[in-house]
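Asks: Quick one: the structure is below, and I'll ask about it shortly.
What follows draws every value from the coordinates through simple rules; no lab data is involved. Keep in mind that this is a model prediction, so the values were computed, not measured. Here the Cβ positions follow ideal geometry from the backbone for every residue, glycine too, while neighbour counts run over all protein chains shown.
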Amino acid sequence: MIAALRDLHRNGTSKAALATLTRTRGSTFRRPGTRMLVLGDGQVVCELSGGCPQRDIVARALEIIDSGEPKLVRYNAESGLDVLIEMGCGGELEVLIEPLLAVHDTDFIDTLARCLDERRIIHMATLFAQNDRAVMPRRRAWNGHEVLYDAIGDASLTQAIMAQASASTSHRAHAFSLPSIHGSVDVLLEVIAPPHALVVIGSSAAARALLPLASALGWRTTLVDSDPARLRAADLPTGLHTACATPQQLMDTVALDTHSSVVVMTHNLEQDIAYLSALRHAPVTYLGALGSRERVARMRGSSALEGMHVHAPAGLDIGSETPEEIALAIAAEIMAVVNHRNGGHLRDNDGAIH
């Protein structure tokens with residue numbers, strides 16, 4: 001999405017509309033903060049659902065591209081009921097659709113893209129409605145005490161928004177209303193994290209199977225091997241990063257942060273232990289290693305890994321046998337850890353699915 005918006009901004013001549021979920025209630029297909037870009041020819045970037053609500057939103061977006069006026073669309077018992085019934089999930093939605101017709105409509109994109117490229121978390125407030133009517137969104141983005149972008153231009157309102165953001169304990173996007181001299185305004189508050197990064201160490205069949213799956217999930221993926229010949233010989237997805245590094249070189253070669261995961265799968269026990277040991281102080285979310293229970297027991301018995309928390313054998317228990325199935329199990333476990341879930345059956349979960 002960011003890449004598509006950046007291209008649109010730099011092109012400067014394309015017409016499009018941006019649809020953003022601002023509020024949801026009950027069971028819905030996506031969370032607030034989810035966005036879909038609708039191009040002037042009807043093409044869609046980052047589909048919301050693929051179902052009935054999306055078709056209706058796309059149709060409205062094309063109308064908004066022609067009119068040039070933003071609009072709030074609500075799907076609840078009072079409006080959009082036919083689409084709501086077809087959704088079949090019992091939830092309610094509020095969607096902001098804003099036209100992107102001029103270069104300044106996407107001025108904020110370069111700021112977001114640059115910070116995400118730098119692996120920085122961004123807080124963003126979007127003022128999108130006044131007195132319950134959509135207005136052309138005005139945004140403010142910041143990181144800590146550093147203001148990165150500000151188009152709100154109202155000191156008292158900005159102060160109130162920042163106070164609300166400071167008081168919030170949730171990292172999920174949510175909308176709230178504030179009083180102002182012009183009446184009530186609605187603001188969407190978001191915490192935007194950089195895309196997850198996955199480092200796969202080893203050029204085994206399972207490692208190669210994990211690469212396209214991680215890329216499809218939108219993860220920035222890097223393949224690491226100590227042998228440059230193996231890296232050159234591997235059939236790798238387009239756009240994948242590679243790094244040739246021994247365990248001793250790893251931390252100086254690959255940048256890792258709290259939005260990163262590492263899976264060690266060289267199929268050489270001593271090498272696996274050496275790479276894992278090198279990652280002892282890495283600030284990663286997930287650290288996993290491939291192997292049988294016997295091999296993992298030997299791994300855990302190594303003094304080099306004493307006290308380390310390693311997901312080994314890596315992956316959820318789904319009966320995996322083939323490299324592709326193993327890759328699926330590992331990717332699913334990483335997602336569960338990143339999202340603070342236990343990886344159990346949805347039918348046994350009484351809480352929110354998303």
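Asks: Please list 126-135, 163-172, 328-337 highest first by mean number of surrounding beta-carbon atoms within 10 Å per residue. Intermediate values should be presented prior to the final figure.
Replies: Numbers: 126-135: 17.9, 163-172: 10.8, 328-337: 20.7.
The most tightly packed comes first, giving 328-337, 126-135, 163-172.
Asks: Would you calculate, for the chain, the mean residue ellipticity at 222 nm contributed by helices, counting each DSSP H stretch of 4 or more residues as -39,500 (n - 2.57) and dividing by all residues, to the nearest 500? Don't skip to the end; give the middle numbers.
Replies: Numbers: 11 runs with 112 residues, N = 354.
Roughly -9500 deg cm²/dmol at 222 nm, from the helical runs in the chain.
Asks: Another question, then. Relative contact order for the chain: what percent, with Cα pairs under 8 Å and sequence separation of 6 or more?
Replies: Values: 652 pairs, mean separation 40.6, N = 354.
Normalised by residue count, the contact order of the chain is 11 percent.
Asks: Sticking with this structure for a sec: What is the dipole size for the chain, taken about its Cα centre, with +1 at each Lys and Arg Cβ and -1 at each Asp and Glu Cβ, in debye to the nearest 20? Intermediate results must be reported in sequence, preceding the final value.
Replies: Working: 31 positive and 40 negative charges, 83 e Å.
For this selection, approximately 400 debye.
Asks: If you don't mind, there's one more thing I want to ask. On C-alpha positions alone, give me the angle between the axis of helix 205-216 and the longest principal axis of the chain, in degrees, nearest 10.
Replies: Approximately 10 degrees, to the nearest ten.
Asks: Net charge near residue 245: determine it from the other residues with C-beta under 13 Å of the C-beta of residue 245, scoring Lys and Arg +1 and Asp and Glu -1. Walk me through the numbers on the way to the answer.
Replies: Values: positive: 230; negative: 225, 227, 252.
Result for the local shell: -2.
Asks: Another question, if that's okay. Take every DSSP beta bridge with both residues inside region 113-247 and express the antiparallel ones as a percent of the total, to the nearest 5. All intermediate terms of the calculation are to be shown ahead of the outcome.
Replies: Numbers: 26 of 35 bridges.
Roughly 75 percent of the DSSP beta bridges within region 113-247 come out antiparallel.
Asks: Pick the calculated Kirkwood radius over Cα pairs in Å for this structure from (1) 23.5; (2) 22.7; (3) 21.3?
Replies: (2)
Asks: Just 91, 315, 153 to compare: in a GNM of the chain, with alpha carbon springs under 10 Å, which one fluctuates most?
Replies: Highest fluctuation among the options: 153.
Asks: Here's another thing I want to ask about it. Measure nothing fancy, just the Cα-based angle from helix 323-338's long axis to the longest principal axis of the chain, in degrees from 0 to 90, nearest 10.
Replies: For helix 323-338, the angle is close to 60 degrees.
Asks: While we're looking at this one, here's another question. Can you compute 3J(HN,Hα) from phi for each residue in region 148-164, using the Karplus curve 6.51 cos²θ - 1.76 cosθ + 1.60 with θ = phi - 60°, rounded to whole Hz and x for Gly and Pro?
Replies: Along region 148-164, the couplings run 9, 7, 8, 10, 6, x, 9, 4, 5, 5, 4, 4, 5, 5, 5, 5, 5 Hz.
Asks: While we're on this one: Quick one: angle between helix 52-67 and the longest Cα principal axis of the chain, in degrees between 0 and 90, rounded to 10, please.
Replies: Once rounded, one gets 50 degrees.
Asks: Would you mind checking which residues have amide H under 5 Å from residue 174's amide H? H placed 1.01 Å from N; only 5 or more apart, or other chain.
Replies: The answer is 189.
Asks: Which of the peptides 294-307, 173-186 is most tightly packed, and how do the rest follow, going by the mean number of other Cβ atoms within 10 Å of each residue? Write out the running numbers ahead of the final one.
Replies: Details: 294-307: 13.1, 173-186: 15.1.
Ranked by mean Cβ neighbours within 10 Å, highest first: 173-186, 294-307.
Asks: For the charge dipole of region 160-299, defined by +1 on Lys and Arg C-beta atoms and -1 on Asp and Glu C-beta atoms about the Cα centroid, which residue among 166, 253, 200 has the Cα displaced farthest towards the positive pole?
Replies: In region 160-299, that residue is 200.
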